[in-house]
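Inspection log for the structure reproduced underneath, given as structure tokens.
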Amino acid sequence: MRNQMMDCGLQGKQITFLMTDTQIVNENFLEDINNVLNTGEITNLYEEEHLNKIQEEIRPYVKSLGRMDQKEVNYATYIERV
């Protein structure tokens, strides 16, 4: 999930996530899917190195939108794009 979300959020790739009920082997999957649908993110999905990569790679896109280059703005823009 992390790789697909980063492709979508950083590179602007349009991705469709398709899952059938037979693929749900753990109830936590449903919670993660619900979080993505409601907030655009999954709790504790990213480690510090991933967050740093997001900050670096989203910066040009944030600037192209005319937004301020701040950590919170950059991450919110990333989640918005996901």
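Tabulated data
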| read-out | value |
| --- | --- |
| Residue check, Gln23 under 21 Å from Ile58 (Cα atoms) and exposed (fewer than 10 other Cβ atoms within 10 Å of the Cβ) | no |
| From the options Asn52, Asn35, Asn74, Asn44, residue that is in contact (Cβ under 8 Å) with a residue 12 or more places away in the chain and under 14 Å from the mean Cα position of the chain (by Cα) | Asn74 |
| Residue count, the range 26-60 (criterion: of a type in the set (Val, Ile, Thr), surrounded by 12 or more Cβ atoms within 10 Å (Cβ to Cβ) and within 21 Å of Asn74 (Cβ to Cβ)) | 4 |
| Helices (runs of 4 or more DSSP H) contained entirely in the range 14-82, each with at least 3 residues that are among the basic types (Lys, Arg) | 48-64 |
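Laboratory data are not the source of any read-out in this text; all were calculated from the coordinates shown. All of these numbers come straight from a predicted model, not from anything done at the bench. For neighbour counting, all protein chains shown are included, and Cβ atoms are generated from backbone atoms with ideal geometry for every residue, glycine included.
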